[in-house]
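Here's the structure we're looking at; comments come further down.
The values are calculated or read from the model by the stated rules, or taken from the named source; none is laboratory data. Remember, predicted model here, so these are calculated numbers, not experimental data. All Cβ positions, even for glycine, are placed from backbone atoms using ideal geometry, and neighbour counts span all protein chains on display. Accessible surface is based on the protein model in full, side chains and every heavy atom, while ligands, DNA and RNA are left aside. Shrake-Rupley method; radii C 1.70, N 1.55, O 1.52, S 1.80 Å.
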Amino acid sequence: MIALRDVVVEYGRGVRAVRAVDRITLGVPQGQSLALIGPSGCGKSTLLFAVAGLIRATEGEIRIGGELVAGPRRDTALILQNAGLLPWKTVWQNANLSLLLAKEYPAATADAVLAELGLSDVKSRYPSELSEGMKRRVGIARALSTSPEVMLMDEPLASLDTLTKERIQDLFLKLWARHAFSFVLVTHDIEEAAFLGQRIVVLSPRPATVKAVVDNPEMGKLDYRESSAFRAVVFRLRAELERGA
Amino acid sequence: MNRAKRAGRWFVDRVEDRSVWRHLAVYAASILLLLLFWEVASVVIRALKGGREYLPNPILTIREMVRLGPLLFQNFWISAWRLVLAILIAFSTGYPLGLLVGHERRLDELISPMIYIVYPIPQVAFILILFLIFGIGHPVKVAIVAIALFFQLLVSARGEAKQISLEHITSVISAGASRWQVYRHVILPATLPSILTSLRVSVGLGMAFLYIAETTGSVDPVRGGLGSFIKNNMYSTGQAFAGIIAMALLGLCLYIVIDVIERIVCRWTYTARRPL
């Protein structure tokens, strides 16, 4: 369970403070998904980083599993925009970074995760040898390596070609069903939000406030992209984003 | 160590696909070409200067090197270990300090003005003081080179540490890295390739400072190092040139050592740049 109550995030202090996030309250029940969509630079990544414990909320509170977030948590994994892979570490080292940093030797499950993502053959390669799609999958493998309860994603599939993007989205849904984590996805891609968010929160331009909440109950069904329900959600999201803009 | 084993395997692979032989052949060709230029320059200078041998030709120089072999070799070793020791001291102090100053903003504000004041001073300006402090033996020679290279490596490490992508740091912090682990897993490896490049520049610079240190004050022909050897034979160009070539060989050896180290510790920079 992720719970945000009246969260405000400001950069800088005093008269020069810039408000990036303005009184946002929302919750994600265990095992559910939430997509945050909004215009570029609206503060959605800032909000995500606050949930990840990388930025402190100026006001309000953020709780995960009932505990106040005070820093990066072991049960929370963050996937960055370009997967955040370290060029000097192999795929295997990158995928198991959290465990290696905690001085734990990755168990056999680590290899199982790499296999699940189709990365077994490249585990001793370096990121510069991989395609963009593979790099993003390594990012997902890293997030899964600690068996997190919560996964936070900051535009994880931005700038991929459409087919690669959709293939990874399909793969991600399978992983979500199998590993039963909750996730928050930050994106500016309307179709991605409609495909992966059980609930979609539309944010206003900076400072981010909740503009609309769109429920997406049929998400996750077979061939959802082709369904009329999906089209309807996409249409609704577009209208919400355009309203007042 | 795993890395050394992998580098070994890399080398075996290269021998098998013959790229090592090609590499060595190109190296040899390049050296031959250099000797040819030298010979031509020697002939031209002799012709212009009425038959006087100002620039000794390669064959004469090589003959002198063989004749002076034992003495030259002794001086070569003395200069070599002075230079290597100075580089090690400068690297192991300048590099970490540069990373700290480059990454920790408060430290940067405090230390950087000092660096900017001290760095531009040619360190040889302190040579007299250093001789007074360290005496005329080995330590002063090592100290002069080490001090000069220390600032060189400090300044480049600081600059490199400032260039590090925030994304990599965010990535390891969100994976639970401690302060020390950010240095160990991001800042150190991210700066290593360019620091090794600075180290290559430092070899040349260090050699110049070593020459100054070895030719200042007393000149000991037997145990004074190559600088001393060259100065001592200043008026016999063939012998002086034997010393100069020995210095070039010393530089070449150090470049090769740095290349091998880079192959081992920066292995990721040598992987294919194309996606699978």
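Modelled spin-label separation between A:A107 and A:R56, with each label point placed 7 Å from Cα along the Cα-to-Cβ direction: 3.6 nm. In the context of the full set of protein chains, chain B has a per residue accessible area of 56 Å² (1.4 Å probe). Using a loss threshold of 20 Å², tell me which positions in the stretch B:146-180 are less accessible in the complex than in their chain alone. Probe radius 1.4 Å, ligands and nucleic acids ignored. Buried on complex formation: B:E167, B:H168, B:T170, B:S171, B:V172, B:I173, B:S174, B:A175. Of the accessible area of chain B, computed with a 1.4 Å probe over protein heavy atoms only, carbon and sulfur atoms account for 70 percent.
FRET efficiency for the B:V12 to A:S120 pair, using the beta carbon distance and R₀ = 35 Å, is estimated at 0.90. Amide H contacts under 5 Å for A:E10: A:A20, A:T58, restricted to partners 5 or more places along the chain or on a different chain, H placed in the peptide plane at 1.01 Å from N.
Calculated accessible area for the stretch A:172-245 comes out at 50 Å² per residue, all protein chains present (probe 1.4 Å; ligands, DNA, RNA ignored). Exposed loop sites, defined as chymotrypsin sites (Phe, Trp or Tyr not before Pro) outside DSSP H, G, I, E and B with at most 14 other Cβ atoms within 10 Å, are absent from the longest region of chain B, namely B:55-234. Using θ = phi - 60° in the Karplus curve 6.51 cos²θ - 1.76 cosθ + 1.60, the 3J(HN,Hα) couplings for the stretch B:251-260 round to x, 4, 4, 5, 4, 5, 4, 5, 4, 5 Hz; x is entered for Gly and Pro. For A:L78, nonlocal amide neighbours, meaning residues 5 or more places apart or on other chains whose placed amide H falls under 5 Å from its own, are A:L152. Less than 5 angstrom separates the built amide H of A:K211 from those of A:V202, A:L203, A:S204, all sequence-distant by 5 or more or on a different chain.
Chain A against chain B buries an accessible area of about 2200 Å², both chains summed, 1.4 Å probe radius.
Extent along the principal axes, Cα only, for chain A: 49, 46, 32 Å, with the longest axis given first.
Loop-located trypsin sites (Lys or Arg not before Pro) across the stretch B:171-235 with a Cβ neighbour count of 15 or fewer within 10 Å are B:R223, with loop assigned by DSSP. Between B:G204, B:G159, B:G50, where does the largest GNM mean-square fluctuation fall for chain B, given springs only between Cα atoms within less than 10 Å? Highest fluctuation among the options: B:G50. Surface listing: A:D154, A:D22 arranged by accessible area from highest to lowest gives A:D22, A:D154, probe 1.4 Å. For the stretch A:174-245, the square roots a ≥ b ≥ c of the C-alpha gyration tensor eigenvalues yield an a/c of 1.5 or more together with a/b not exceeding b/c, which makes the shape oblate. A Cβ-based charge dipole, computed about the Cα centre of the stretch A:85-147 with Lys and Arg at +1 and Asp and Glu at -1, lands at about 180 debye. Across the alpha-carbon atoms of the protein assembly as shown, the computed radius of gyration and Dmax are 31.1, 98 angstrom. Binning the alpha carbon pair distances of the stretch A:85-147 at 5 angstrom intervals from zero yields the distribution 4, 22, 36, 25, 11, 2, expressed in whole percent.
Distance from the Cα centroid of the stretch B:38-55 to that of the stretch B:67-92 is 31 Å (rounded to whole angstrom).
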